[in-house]
Amino acid sequence: MGILELFLIAVGLSMDAFAVSVCKGLSVRKAEVKHSLCVGAYFGGFQALMPLIGYLLGTQFESFIVSIDHWIAFVLLGFIGGNMIREALSKEEEKLDDSFSFKTMVTLAIATSIDALAMGVTFAFLRVNILWAVLFIGVITFVLSAIGLKVGNVFGAKYKCKAELLGGVVLILMGCKILLEHLGILG
């Protein structure tokens, strides 16, 4: 997996955290640097931790499913991306919460990083350098979450749905690319 593909996956995975950060930005009167660092640290940290856990789980089962790993990657990325698109197009309103407490932030960080756990399993099958991947995903998510907080505070909910939609499309396209490469259709 190349740097561009990893970058696109990192951006795609971070879109849920970006969207939640936009909502956090909507909920505070004045977005301060400490708020940006808080959302960046929680979301970036969990987005880095979850693929590592998924990778470790995936390596335990690699020998059983190595012949179908590309299909698993395709299905997982398609499911994750489809779910993000569904959420982006949903008319359901999200409740705004201005709390930055440990309990609130851990809950949000786990909720936004579950898809990264599944991506970690995919990384195990693709034999990705996991340390590089989790650092890259964590940093990208940290930066985009910090930006998302400010965007939400300044511009409101205008970009939340677009970010989730873009993230979902990117993940589905990456799943298709992985499948087509393994089937020999793409070189």
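Within the chain, count lysine pairs with alpha carbon atoms under 21 angstrom apart where the residues are 8 or more positions apart or belong to different chains.
Value for the chain: 25.
State the Cα centre-to-centre distance between the range 22-45 and the range 123-151 in whole Å.
Value for the Cα centre distance between the two parts: 17 Å.
May I ask you to evaluate 6.51 cos²θ - 1.76 cosθ + 1.60, the Karplus curve with θ = phi - 60°, for each residue of the range 140-148 and list the ³J(HN,Hα) values in order in whole Hz, giving x for glycine and proline?
4, 5, 4, 5, 5, 5, 4, 5, x
Based on the Kirkwood radius over alpha-carbon pairs, what value in µm²/s does the Stokes-Einstein equation return for the translational diffusion coefficient of the range 30-162 at 4 °C and 1.567 mPa s?
Here the translational diffusion coefficient equals 81 µm²/s.
Hey, in the GNM for the chain with a 10 angstrom Cα cutoff, which one of MET105, MET15, MET50 fluctuates hardest?
MET105
Keeping every protein chain present and rolling a 1.4 Å probe, give me the accessible area per residue for the chain in Å².
51
Between VAL28 and residues 5 or more places away or on another chain, which pairs have amide H atoms under 5 Å apart, with H built 1.01 Å from N, and which residues are they?
So VAL28 has HN proximity to no qualifying residue.
Just to check I understand the Karplus step: with θ = phi - 60° and J = 6.51 cos²θ - 1.76 cosθ + 1.60, what whole-Hz values come out for the range 169-183, glycine and proline as x?
Each residue of the range 169-183 in turn: 4, 4, 5, 5, 4, 5, x, 5, 4, 4, 5, 5, 5, 5, 7 Hz.
Could you give each residue of the range 12-24 its phi-based ³J(HN,Hα) in whole Hz, using Karplus coefficients 6.51, -1.76, 1.60 with θ = phi - 60°, and x for Gly or Pro?
With coefficients 6.51, -1.76 and 1.60, one gets x, 5, 7, 5, 4, 5, 4, 4, 5, 5, 4, 4, 4 Hz.
For PHE100, which sequence-distant residues (separation of 5 or more, or a different chain) have an amide H within less than 5 Å of its own amide H, given hydrogens modelled in the peptide plane?
Under 5 Å from the amide H of PHE100: no residue qualifies.
Just name one of HIS35, LEU13, VAL75: the one whose Cα is farthest towards the positive end of the charge dipole of the range 1-124 (beta-carbon charges, Lys/Arg +1, Asp/Glu -1).
Sorting the options by dipole projection puts first HIS35.
Under a GNM of the chain (C-alpha, springs under 10 Å), which listed residue has the highest mean-square fluctuation: SER27, SER99, SER14?
It is SER99.
The values are calculated or read from the model by the stated rules, or taken from the named source; none is laboratory data. Quick caveat: nothing in here was measured; it's all calculated off a predicted structure. In this analysis, Cβ positions are derived from the backbone assuming ideal geometry, glycine residues included, and neighbour counts consider all displayed protein chains. We work out accessible area using only protein heavy atoms, side chains counted, and drop any ligands, DNA or RNA first. Shrake-Rupley method; radii C 1.70, N 1.55, O 1.52, S 1.80 Å.
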